[in-house]
1. In the range 188-202, which residues are open to solvent by 30 Å² or more (accessible area, probe 1.4 Å) and among the β-branched types (V, I, T)?
2. For the condition open to solvent by less than 60 Å² (accessible area, probe 1.4 Å), touching a strand residue (DSSP E or B) at 6+ places or on another chain (Cβ under 8 Å) and not in a helix (DSSP H, G or I), what is the one hit in L347, L299?
3. Which strands (runs of 3 or more DSSP E) does the range 10-110 wholly contain that include 3 or more residues that are closer than 30 Å to F226 by Cβ and in contact with a Gly (Cβ under 9 Å, 6 or more places away or on another chain)?
4. For the range 438-460, give me each residue that is under 24 Å from H353 (Cα atoms) and open to solvent by 40 Å² or more (accessible area, probe 1.4 Å).
5. Mind checking which residues of the range 49-69 are surrounded by fewer than 24 Cβ atoms within 10 Å (Cβ to Cβ), within 21 Å of the chain's Cα centre (by Cα) and aliphatic (A, V, I, L, M)?
6. Would you be able to say whether some residue in the range 190-208 is on the phi > 0 side of the Ramachandran plot, out of contact with any Cys (no Cβ under 8 Å at 6 or more places or on another chain) and assigned to a strand (DSSP E or B)?
7. Look at the range 116-146 and say how many of its residues are open to solvent by less than 10 Å² (accessible area, probe 1.4 Å) and either at pLDDT below 95 or assigned to a strand (DSSP E or B) (or both).
8. So for the range 70-84 (the condition being surrounded by 18 or more Cβ atoms within 10 Å (Cβ to Cβ), small (G, A, S) and farther than 24 Å from D451 by Cα), does at least one residue qualify?
Amino acid sequence: MATHEPVVANAATSSVQQTTLYDGRKAPHRLHVLIVGCGMGGLAAAHCLGQAGHKVTLFESAPALGEVGAGIQVTPNVSRLLKRWGAGGVLESVTVRPEALVFRRYQDGDRVAYTRLGNAEEQYGAPYYHIHRADLHKLLFDLAAPFMDLRLQSLVVAVDPETPSVTLSSGEVIKGDLIIGADGVKSTVQGVVLGHTNPAEPTGDAAYRAVIPTELLLKDPDLKGFVDIPEMTGWMGPGRHIMAYNIRAKKEFNLVLIHPDDGSVESWTAEGSAEKMRADFADFEPRIRKLLSFVDSTLKWRLMDRQPLQRWVHPSSKVVLLGDACHPMLPYRAQGAAMAIEDAAVLGNLLSHLSDPSQLRTFIQAYEDLRLPRTAETQRQSRLNQKIFHLPDGPEQEVRDAGMRQAMEAELRKMQGEAARAEPGAEEEAFAGSPNQWADPKKSAAQFAYDADAVAERWWRTVGEKAVGGASTENVAAKL
C-alpha cells in the first residue's frame, strides 16, 4: 500500500481513529468503484465508499503523494464530517480555532467588520478550524487508506463510460462498475461526461500564498496580537485583498494575497516573486509591510472561474464527477475542499443503500440533484465576495463599509448582552444581507449547519425507498 509523504515540514503525523459510518450498514450489492484523482475529494470518496462496503481503486498520476500549498479553512459543515469519521483528535492537534473574522481597511487597518467564529460549535454544531492543506490531505489519506487500493504513477488517458473502464498511459485497462472523476479543475473525466470541457474564464485575479513562522510575529509588538488572539483577518483594498490566519497549532501564520493577474498560471505549485508581492501591496498598512518582509518565497496561482455544469453524470450513469471536476470554487468563500468532501459524504451514504445494480441510476441521479444546486449557490457567493472585497475607494466602498460596521456593532452588542435593549427587529436587519456574508445569519446557517449525511438520509426516507422500487426519480431534490 502506498504511503503519504508530506512535502511540507511538520505535517500531521497523528493517526485517525476509524469509526463505523451509516450505523454499520454495508451495501448489499458491492460495486468496484474506480476513482480518478487523489486530492481531497478523491480521498474522501474512497473513505466513504469503502465504509459503505464497496471495493475502491484510486488512480493518481503522481509518483508519490504529498500536498503543497498553504492554509485552508475547515468550516463547520466539514468539521462535523471529519469528527464523525474519527479525525477529531488530529484536527485539534494541528489546527487553530479562530475566535472571529475581522475585516480591515487596507491603508490604515481600521476595523470595519467583526463576526464571531469561536462560538461556531454552539451555533452550527461543529467547530471552525484553520489547517495547513498538507495536514488535511494527510488526514484524509489516513482515513481512506484502509478502504482503497491506491495506484500511483497511473495516469488515466481514456474512459469508457459504458463498460465502464479506464485506460492508463501504460496501456492497461481496468474495468469497474462506477467511475468517479475527482481529477480537479483540468478534469479528463469531465470531457467524457459532458462531451466537451467546461471553459475557464479568467477572473482577472491571481493569488500569492505564503506561510510565516509565528515566532517572528511574537518578537514584534505590532504583530504579536495576530498570534495571541487568533482571528481570521482580511484587509480590503481597491482590486486586492489579503486574508491571514494562524495554522499548525499557532506555529505558522498563513497569508493569501489576491491581486490583479499579471500573467500567472493556474497551479497550486507555481512559484511567485516575493519582491513583486511586496511591491503589489506597498500601499497597505505598516503591519502588512512588516509581515511581507518575512516572506522569502511564495506560491502564485491564477484564479480562473467556471460556470456551474448542467449535469455531473454521464447518460450511462456509470461515470460521475466530484469536487473541482464539476464545481471548482474561487477562494473568496473558502469552500472548495468543503464542497468536495460534502460530495463524497452524500455519495457514500446514498450508495450504502444499494442492493441491486439496477438501482445505481437512481442513486447517482439523487447525488447530482442533491448536490448541484448547493454547489452552484456556493460558487455564486464566492463570485460575489470578489466584487465586495475589491471595490475601489469611493461611494460604493463607503456603503459596503457602513453595512459591515452596522453588523459589527450589532455583533458586539450581542456579545455584551445589550441586544435585548435594541429596537425590535433592529438586530436582524443589521445582519441580514450584510456585505460581510459571514455575518448574514441565513447564509451562514445554510452554509455551515449543513449536514451531508442528514441530507442523504432524508432523501432515502422521503424518496429513496420508493424510488428504488421503481418510482420516478426525476429531479428528486424538488420532492424534499
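The values are calculated or read from the model by the stated rules, or taken from the named source; none is laboratory data. The shown structure was predicted, so the numbers you read here are calculated from the model rather than taken from an experiment. Cβ: placed from backbone, ideal geometry, glycine included. Neighbour counts: every protein chain shown. Side chains included, ligands, DNA and RNA excluded: accessible areas come from the protein's heavy atoms. Shrake-Rupley method; radii C 1.70, N 1.55, O 1.52, S 1.80 Å.
1. Within the range 188-202, T188, V192, T197 meet the criteria.
2. L299
3. It comes to 100-105.
4. Hits for the range 438-460 are A454, E457, R458, W460.
5. L65, V68
6. yes
7. The qualifying residues number 5.
8. Yes: the range 70-84 contains one or more residues that are surrounded by 18 or more Cβ atoms within 10 Å (Cβ to Cβ), small (G, A, S) and farther than 24 Å from D451 by Cα.
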